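Readers should treat all values here as calculations from the given coordinates under stated rules, not as data from a laboratory. Small disclaimer: the values here were computed from a predicted structure and weren't measured.
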Amino acid sequence: MSNKIFKILFGLLVISAIAMLTYYRGIDPTPFNSDLFFWALLFGSIAALIDGSLGMAYGVTGTAFLLGYGISPVKAVAYIHIAEIFVSGSSGLNHWKIGNVDTKLFKKLLIPGIIGAILGALVITKVKIAYLSIVISIYLLFMGIFLIAKAYAKIKLQIKQKNSVVIPLAVTGGFVDGAGGGGWGPVVTTSLLGGKMLPKKVIGTVNASEFFINLASATTFVFLVKITDWEALAGLIIGGFLIAPYAAKATSRMSVKMILTVVGCLIIIISLRKIITLFL
């Protein structure tokens with residue numbers, strides 16, 4: 001697939017996503033919540049900065065913030081996937097342009113990942129809110145622990161890129177991402193790193209495929225979830241979209257270990273606070 005065709009496809013998909021957001025569910029005409037907008041703008045920028053330096057953690061960072069702010073789990077996950085269309089699209093297109101995408105691996109990940117993402121989005125909309133808050137908070141807690149562990153331990157699973165292995169991995173990564181608001185990068189990228197393929201190829205391919213995973217999840221949520229906290233969505237999109245192109249340059253002087261530790265601790269604190277609140 002040439003760069004020109006990919007750009008055209010990317011543009012059409014983004015336009016389709018915006019059209020669905022506009023016509024299918026609509027946005028509630030509630031008063032402007034400037035506090036929520038600016039906090040979302042800040043965390044959207046931070047999440048994009050983290051994702052640009054690590055190739056992962058946009059979803060879990062953003063979801064943790066939204067849950068901590070008091071937004072319902074289903075809407076938090078939905079907003080993250082809609083916002084991440086723009087961030088992952090920008091990142092994936094850049095990786096494609098500089099040759100960091102392996103076409104064979106991309107094709108292996110794409111369809112199974114989309115199927116998993118749709119299934120995850122469907123499951124999360126059917127679970128009772130009380131149970132869902134607990135499940136997602138516990139999931140984010142473990143993701144925070146995982147990020148800190150990754151900072152201080154070399155995790156090399158060295159998974160072979162055979163269809164019998166990659167397809168179940170993509171379905172699992174897509175499902176976890178669709179249901180939890182994040183997880184495609186941590187599950188898939190971490191599993192594939194350490195093999196024969198260059199790390200930049202693995203990260204680039206997984207990031208490029210993530211755009212379509214997010215698009216599948218977001219499209220599913222558009223039909224099932226009504227957007228009410230549009231300030232949060234706008235803040236996440238604007239913050240992420242503005243920072244994403246400069247994230248790699250801005251984080252080049254920062255220690256990856258430090259970023260992973262700080263982000264991991266932040267997610268753990270927010271998740272524990274939410275869990276304690278739910279049980280008290």
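Taking θ as phi - 60° and the Karplus parameters 6.51, -1.76 and 1.60, the scalar couplings of segment 231-237 work out to 5, 5, 5, 5, x, 5, 5 Hz in sequence order, x denoting glycine and proline.
Couplings 3J(HN,Hα) for segment 71-88, derived from phi with the Karplus relation 6.51 cos²θ - 1.76 cosθ + 1.60 (θ = phi - 60°), are 6, 4, x, 4, 5, 4, 5, 4, 4, 4, 5, 5, 5, 6, 4, 6, 5, 5 Hz, where x marks Gly and Pro.
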